[in-house]
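A quick write-up on the structure given underneath.
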Amino acid sequence: MTVAEYNHCVEKHSDGLYRFILKNIKDQDKASDIVQDSFEKLWRKVAEVAFEKSKTYLFSTAYHTMIDGIRKDKRTEDFSQVKPERYSHEEQYNDLQEILHAALDKLPGIQRTVILLRDYEGYSYQEIGEIAGLSESQVKVYIYRGRVFLKQYIGSLKAVI
């Protein structure tokens, strides 16, 4: 990959990569750091990664970096700093987008990841498998199970409205 191709890759994929990570971890600073780390890792391997595979490489790298960060945070969380209002609410939601985001938050991490990659970012099953390290059939199963959960969680449109 040339420097011009790398710069084109940054312009083309940085927003999508940031949205994907932010949707999963909901922390703008950490999402920015993960995106930056992913592009740094791509730069270090610029001679080894083909321009055509750069998007898959970036999303895969960012996904694995995000998972490592989540695992690290789970081990080091200080419970004295937990805010109860973050985990509970007293408001009633009537915005469909907010309900959908709440439903996505309830999904297990891998199901949320594959649904976001498929429905929000438009990746094929094969590309999602490469990014998440899953077989194509595993990706399809996780997407199916996630969609079934979302359908049950949201319920009928009449119940939402």
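The values are calculated or read from the model by the stated rules, or taken from the named source; none is laboratory data. Quick caveat, the model's predicted, so the values are computed rather than measured. Methodologically, a virtual Cβ is constructed for each residue, glycine included, from the backbone with ideal geometry; neighbour enumeration extends over all protein chains shown.
What tally of residues in the range 68-110 results from selecting those that are modelled with pLDDT of 80 or more and of a type in the set (D, E, K, R)?
5
Please work out which residue is surrounded by the fewest Cβ atoms within 10 Å (Cβ to Cβ), limiting yourself to the range 140-161 and to residues that are of a type in the set (Ser, Thr, Tyr) and at pLDDT below 90.
Once the filter is applied, the top-ranked residue is Ser156.
All but one of (1) modelled with pLDDT under 80; (2) surrounded by 13 or more Cβ atoms within 10 Å (Cβ to Cβ); (3) not assigned by TED's automatic domain parsing to the domain that holds Lys151 hold for Trp43; state the number of the condition that does not hold.
Condition (1) is where Trp43 drops out.
Please tell me if Phe59 is crowded, with 16+ Cβ neighbours inside 10 Å, of a type in the set (Phe, Trp, Tyr) and in contact with a His (Cβ under 9 Å, 6 or more places away or on another chain). First the steps, then the outcome.
On the way: crowded, with 16+ Cβ neighbours inside 10 Å: yes; of a type in the set (Phe, Trp, Tyr): yes; in contact with a His (Cβ under 9 Å, 6 or more places away or on another chain): yes.
So Phe59 fits the description; yes.
Please tell me if Asp105 is farther than 16 Å from Met66 by Cα, out of contact with any helix residue (DSSP H, G or I) (no Cβ under 7 Å at 6 or more places or on another chain) and outside the structural domain of Lys53 (by TED's automatic domain parsing).
Numbers: farther than 16 Å from Met66 by Cα: no; out of contact with any helix residue (DSSP H, G or I) (no Cβ under 7 Å at 6 or more places or on another chain): yes; outside the structural domain of Lys53 (by TED's automatic domain parsing): yes.
When the stated conditions are applied, Asp105 does not pass them.
Looking at Asp29, Asp15, can you tell me which residue is exposed (fewer than 14 other Cβ atoms within 10 Å of the Cβ), over 23 Å from Ser124 (Cα atoms) and of a type in the set (D, E, K, R)?
Numbers: Asp15 fails: over 23 Å from Ser124 (Cα atoms).
It is Asp29.
Would you mind finding the one in Gln97, Gln126 that is touching a helix residue (DSSP H, G or I) at 6+ places or on another chain (Cβ under 7 Å) and surrounded by fewer than 14 Cβ atoms within 10 Å (Cβ to Cβ)? Break it down stepwise before answering.
Details: Gln97 fails: touching a helix residue (DSSP H, G or I) at 6+ places or on another chain (Cβ under 7 Å).
The match here is Gln126.
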